[in-house]
Structures are given as C-alpha cells and as structure tokens.
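Every number here is computed from the coordinates shown, using simple stated rules; none is lab data. Small disclaimer: the values here were computed from a predicted structure and weren't measured. Quick reminder, even Gly has a Cβ in these numbers, built from the backbone with ideal geometry, and neighbours come from all protein chains shown.
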Amino acid sequence: MPNKSNHDANSSNATEDRITIKNLPVTSAETTISTAQLETLLETVSSLKHLPGALLPILHKIQHQLGYIPSEVIPDIAQLLNLSRAEVHGVVSFYPDFRTHPCGQHLLRICAAEACQANGARALMQHAEEKLHIKSGHTTPNNNITLEAVYCLGNCTAGPSVEINQRLHGRVTTTLFDQLTAGLITAGPINAMPRPDQC
C-alpha cells in the first residue's frame, strides 16, 4: 500500500513547483492563454521536438506565434523534451529577446550598449521614462507602448539608436525622440494587436 505521507509530500512538491513556474517574477499579473492557444502551442512543440537542440527553435516559434512565451506552456515543453522546468525557464530567462508576458501595442527599444551610452543613451532613456511615465521594461497602463533597453542594435556609429516597431533610428536626440513617438502617444491604443514577431 502506498505511503500516504510520501504521496502527500510529492503532491505538495509538485504543487509548489507549478506555483513557482507559473508566477515568474516578470510581471505583476499571471499571464493566461486560451485552451485553443495552448493546444496550438503544444502542436508546435510536438512538431519540432525531433530537431537537435529543439528547445531554442521551439521557443522562437512560440514567441513568433504568440508574441511571448506563456509560463503555462513551460511544464509541457519540459515534459516533451525530457527536461526539467528549471532548465526551460533558465533558457527563457537567459536570452533577453524571449518574453514571458505580452508587450504593448508598440515596442520601443533604446540601445544601452557602450557606444550608444557614450553618445547619450542614458540621458535618452531617462527622458523616455519621464515622457512615457514608465520605467524601462514596463508597459504604459493603456497597453500602448512597451519601453525596453536592448544591448546593441547594430548601429554603433550612429548612436544613440532607437528601434520603434522594428524600425531603426540613429542619432536620436530627445527632440527627435519626441517627434518619433508623438503619434504613438497621442493615438493611444490601437484596435489591432501588433504582429507577434514585433514582441
């Protein structure tokens, strides 16, 4: 007869593990996806799991489809690839381009690499945070703009560089920043969601 105390302990550990994974410290609210979305994502995982080093292609595909990698799918990825949840979460958290929560309607990234810092990127980021009333790594309350720091946009000779919805701008001053973002700020949230690959 199974030992009830061991069974309870195992159940407790499993519950605690799921809670740890589902409440990742990346956002104040737990992300949720529909059953249909989850089934689609699991089909993606199953179709790619045979690839050598399948984890990265799977994560890239999920993010391309949905715009982020929901915490709900991490246990299933781990199980299908015979990995621990910690291993999957470790890869997701290591690469800065992977998201674990949705971004805003517009994605605004300011380069924080050394070359851009030497040309005023820190001051530009401070200006952006004051202008948008949010800190880097956050989204405006109306879900309109997500502001992020990124380490190198590959435009080092024309810093500070800013990328807005995948469009790169160089030598961005605070005045130019205001001009580039004026339409985004005044327009407010738009009805259509951004293409997932923008996030």
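Please arrange I33, I185 by counting, for each residue, the other beta carbons lying within 10 Å of its beta carbon, fewest first. Walk me through the numbers on the way to the answer.
Details: I33 17, I185 14.
Fewest to most other Cβ atoms nearby, the residues stand as I185, I33.
Summarising the label geometry, the points placed 7 Å from Cα in the beta-carbon direction at L51 and A36 lie 2.6 nm from one another. Rg ratio for segment 106-198: its Cα radius of gyration over 2.2 N^0.38 Å, N being its residue count, equals 1.01.
So for R109, R171, fewest C-beta neighbours within 10 Å to most, what's the order? List each step's numbers first, then the result.
Details: R109 19, R171 14.
Fewest to most other Cβ atoms nearby, the residues stand as R171, R109.
With a 10 Å Cβ neighbour count serving as the proxy for reagent exposure, in which order, fewest first, do E39, E72 appear?
Details: E39 11, E72 17.
Going from least to most buried by this count: E39, E72.
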